[in-house]
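J.: Let me give you the structure first, and then I'll get to my questions.
The values are calculated or read from the model by the stated rules, or taken from the named source; none is laboratory data. Nothing here was measured: the structure is a model prediction, and the numbers come from that model. Glycine gets a Cβ as well: all are built from the backbone with ideal geometry, and neighbour counts include every protein chain shown. Keep in mind that these areas ignore ligands, DNA and RNA; they rest on the heavy atoms of the full protein, side chains included. Shrake-Rupley method; radii C 1.70, N 1.55, O 1.52, S 1.80 Å.
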Amino acid sequence: MITHEGVKESYVMMHRDEAGQASLCAYVAVDEEVQIAELTRYLKEVLSEYMIPAHFVQWRHFLLL
């Protein structure tokens, strides 16, 4: 994901809902807002379908803990 021009950093986590259904959520650090549809199209060109996150959260930077 970081090979996309608008993404500086990224982190992907698996989450489970109340029913136990798993999905991926991508946290991305960007300078300017990236259109999720554009990012999803880009990822579909370079990743298998099961690796595409279902949810995206955009941040300006990640906090260091």
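J.: Mind checking which pairs have a first residue in segment 37-65 that is within 18 Å of MET13 (Cβ to Cβ) and a second that is open to solvent by 90 Å² or more (accessible area, probe 1.4 Å) and in a helix (DSSP H, G or I), Cβ under 7 Å, 6 or more apart or different chains?
T.: Correct list of pairs: ILE52/LYS44.
J.: Moving on to the next point. Of the residues HIS61, HIS15, which single one is outside any strand (DSSP E or B) and surrounded by 10 or more Cβ atoms within 10 Å (Cβ to Cβ)?
T.: Only one candidate passes the filter, namely HIS61.
J.: Give all pairs with beta carbons closer than 6 Å in which a residue from segment 1-27 that is more than 16 Å from VAL46 (Cα to Cα) meets a residue that is open to solvent by 90 Å² or more (accessible area, probe 1.4 Å); count only pairs at least 6 apart in sequence or on separate chains.
T.: Within 6 Å, the pairs are ALA22/MET14; ALA22/ARG16; LEU24/MET14; CYS25/HIS55; TYR27/TYR11.
J.: What residue, among those in segment 21-55 that are part of a loop (DSSP other than H, G, I, E, B) and within 13 Å of the chain's Cα centre (by Cα), is surrounded by the most Cβ atoms within 10 Å (Cβ to Cβ)?
T.: Here the residue is PRO53.
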